[in-house]
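Structure record follows, encoded as structure tokens.
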Amino acid sequence: GIQVEQSPPDLILQEGANSTLRCNFSDSVNNLQWFHQNPWGQLINLFYIPSGTKQNGRLSATTVATERYSLLYISSSQTTDSGVYFCAVEAMVGYQLTFGKGTKLSVIP
Amino acid sequence: NAGVTQTPKFRVLKTGQSMTLLCAQDMNHEYMYWYRQDPGMGLRLIHYSVGEGTTAKGEVPDGYNVSRLKKQNFLLGLESAAPSQTSVYFCASMTINTYEQYFGPGTRLTVT
């Protein structure tokens, strides 16, 4: 099946700093999504981005499908950005998302 | 809209007991999913459904059964619980209009 690798596994930031999270995947995809799991366990969909670039406030994402990677940018980080960020992809055949193991982000005041 | 809800939020079972987890969504989504999340891992798909009356196996289906008798509900059953099924279970739904998955709050299950 398709493989999803996220880096870095852990990241500690000072409040106000910027960061880039990376997701590599092993095959062509129909669907790529970024999720944030907050410290209470709730999963929130951030972006549906199988290709191209999207922005939502301080967050933006870029997927280069031909090179099989996606990047999530967080600017001016806040303590509320803490949690785990997951990348999930759907291969060209099927309706299933395969998740990476996530990047755990800790933003300290 | 309540979005995606899960019942119960917490449960402790003894080995060999059975239980059913209920997922409900009020967004008229076609697709529904059950995942499990274990420490340090991403989410792994157990079963999914692309419409009322249909189900399919995901990555880790063994020991679980599912049913989707109504479009808004997706049930996950454990017939004979094992300690290896201790996990947090998430339900999600999706519409093919946006392909964005929306998650419930999770059910924390402990099997002793």
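Given +1 at the Cβ of Lys and Arg, -1 at the Cβ of Asp and Glu and no other charges, the dipole of chain A around its Cα centre is 80 debye to the nearest 20. Couplings 3J(HN,Hα) of region B:34-51, computed from phi: 10, 10, 10, 10, 10, x, x, 10, x, 8, 10, 7, 8, 9, 8, 9, 9, x Hz, in residue order, whole Hz [Karplus 6.51 cos²θ - 1.76 cosθ + 1.60, θ = phi - 60°; x for Gly and Pro].
Provide a whole-number value for the mean count of partner chain Cβ atoms within 10 Å of the Cβ atoms in peptide B:38-44.
On the way: counts 0, 0, 4, 4, 14, 11, 2.
Mean partner-chain Cβ count within 10 Å for B:38-44: 5.
Look at where the Cα atoms of region A:38-109 and of region B:1-39 average out, and the two centres are 23 Å apart. Give me log10 I(q)/I(0) at q = 0.12, 0.17, 0.19, 0.23 Å⁻¹ for chain B, Debye formula, one equal scatterer per alpha-carbon, no solvent. Scattering profile of chain B, log10 relative to I(0): -0.37, -0.74, -0.93, -1.33.
Over all directions, how big on average is the projection of the convex hull of the alpha-carbon atoms in the protein assembly as shown, in square nanometres? Working shown, then result.
Details: hull surface 47.9 nm².
Convex hull of Cα atoms, orientation-averaged projection: 12.0 nm².
Per-residue shielding of B:46-59, expressed as the average number of other chain Cβ atoms within 10 Å of the residue Cβ, stands at 1.
Each of A:A91, B:T95, B:G40 was scored by the projection of its Cα onto the charge dipole of the protein assembly as shown, and the greatest displacement toward the positive side belongs to B:G40; charges sit on the C-beta of Lys, Arg, Asp and Glu.
Taking the Cα atoms of region B:21-64, the ratio Rg/Rh between the radius of gyration and the Kirkwood radius comes to 1.00.
Taking a straight line from the alpha carbon of B:K14, these aspartates and glutamates sit under 17 Å away, with near neighbours fewer than eight places off in the same chain left out: B:E79. Each Lys or Arg adds one and each Asp or Glu takes one away; over the other residues whose Cβ falls under 12 Å from the Cβ of A:L13, this sums to -2.
What value in Å³ per residue do you get for the convex hull of the alpha-carbon atoms in region A:35-109?
Given the Cα convex hull of region A:35-109, per-residue volume reads 97 Å³.
Averaged over its residues, how many other protein chain Cβ atoms are within 10 Å of peptide A:40-50's Cβ atoms? It would help to have the intermediate numbers written out before the result.
Numbers: counts 2, 7, 5, 12, 2, 7, 1, 1, 5, 0, 1.
For peptide A:40-50, the averaged partner shielding equals 4.
About its Cα centre, region B:1-95 has a charge dipole of approximately 200 debye under the convention of +1 per Lys or Arg Cβ and -1 per Asp or Glu Cβ, with nothing else charged.
What FRET efficiency do you get for B:T5 and B:T98 if R0 is 22 Å and r is their Cβ-Cβ distance, rounded to the nearest 0.05? For R0 = 22 Å, the calculated efficiency reads 0.65. Listed cross-link partners A:K54/A:K104; A:K104/B:K9; A:K104/B:K71; B:K9/B:K70 are compared with a 30 Å cut-off, the Cα-Cα value being larger for A:K104/B:K71.
We did not get these values from a lab; they are worked out from the coordinates using the rules stated. Predicted model only: the values in this text are computed from it and were never measured. No Cβ is skipped: glycine too gets one built from the backbone with ideal geometry, and neighbour counts run over all protein chains shown.
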